[in-house]
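**Q** What follows is a structure written as structure tokens; I'll ask about it next.
Read-outs: derived from the displayed coordinates by stated rules, not from any lab. Bear in mind that the values here come from a model prediction, so they are computed numbers and not experimental data. Cβ: placed from backbone, ideal geometry, glycine included. Neighbour counts: every protein chain shown.
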Amino acid sequence: MEEGRQKGAADAAAEASQLTQATMKKVRDLAAARRENAKLKATIDRLTASLDEASTARQTDAGTAAEQARAEAAAASLRCGQAERSASEAAAMLTAAEERAAAAEAAAAELRNALAKAAT
């Protein structure tokens, strides 16, 4: 009987040892999983921060591009207005030149007539 109890105690001790080892393995596995989880969370946080930064940069770039486009459009509008004024001034100068040319032709015709009368 004593041998049976000793064998039972030895079996129980062996089983307890196995359970302890299995538990320790599970604890180590859990710790490894938690470390891996922490690494993954850190990676996700870094990627999220990078994404936020990229999004902000894109928005800033888009805002800057829009500002630049507006400035270029305003400058083009100003140049267009200046070109219209220049064209209007050129048209007025052309009209004045045509009027002076017509007056010069009339004066030349009068001079020819006067010379023709004087020659006769």
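**Q** Can you give me the Cα centroid spacing of segment 55-120 and segment 1-51 in angstrom?
**A** Centre-to-centre (Cα) distance: 89 Å.
**Q** Ok, one more. Helix 2-119 versus the longest principal axis of the chain: what is the Cα-based angle in degrees, 0 to 90, to the nearest 10?
**A** With rounding to tens, the tilt is 0 degrees.
**Q** Below 13 angstrom from the Cβ of Ala42, what's the summed charge of the other residues (Lys, Arg +1; Asp, Glu -1)? Can you show the working numbers first?
**A** Working: positive: Arg34, Arg35, Lys39, Lys41, Arg46; negative: Glu36, Asp45.
Around Ala42, the surrounding residues sum to +3.
**Q** Could you work out the pair-distance distribution P(r) of the chain from its alpha-carbon pairs, with 5 angstrom bin width and percents rounded to whole numbers?
**A** Histogram of Cα-Cα distances, whole percents per bin: 3, 7, 6, 5, 5, 5, 4, 5, 4, 5, 4, 4, 4, 4, 3, 3, 3, 3, 3, 3, 2, 2, 2, 2, 2, 2, 1, 1, 1, 1, 1, 1, 0, 0, 0.
**Q** Related question: How far apart, in nanometres, would the label points at Glu72 and Ala118 be if each is projected 7 angstrom from Cα along the Cα-to-Cβ direction?
**A** Spacing of the two 7 Å Cα→Cβ label points: 6.6 nm.
**Q** Here is a follow-up. More than 13 Å apart: what percent of Cα pairs in segment 50-118 qualify?
**A** Numbers: 1830 of 2346 pairs.
Taking all Cα-Cα pairs of segment 50-118, the fraction more than 13 Å apart is 78 percent.
**Q** Something else: Just tell me which aspartates and glutamates come within less than 18 Å, Cα to Cα, of Lys39; anything on the same chain fewer than 8 places away is out.
**A** Asp29
**Q** Could you tally the net charge around Asp52, taking each other residue with its Cβ under 13 Å from the Cβ of Asp52, Lys/Arg +1 and Asp/Glu -1? Please report the intermediate quantities before stating the final value.
**A** Numbers: positive: Arg46, Arg58; negative: Asp45, Glu53.
Surrounding charge for Asp52 is 0.
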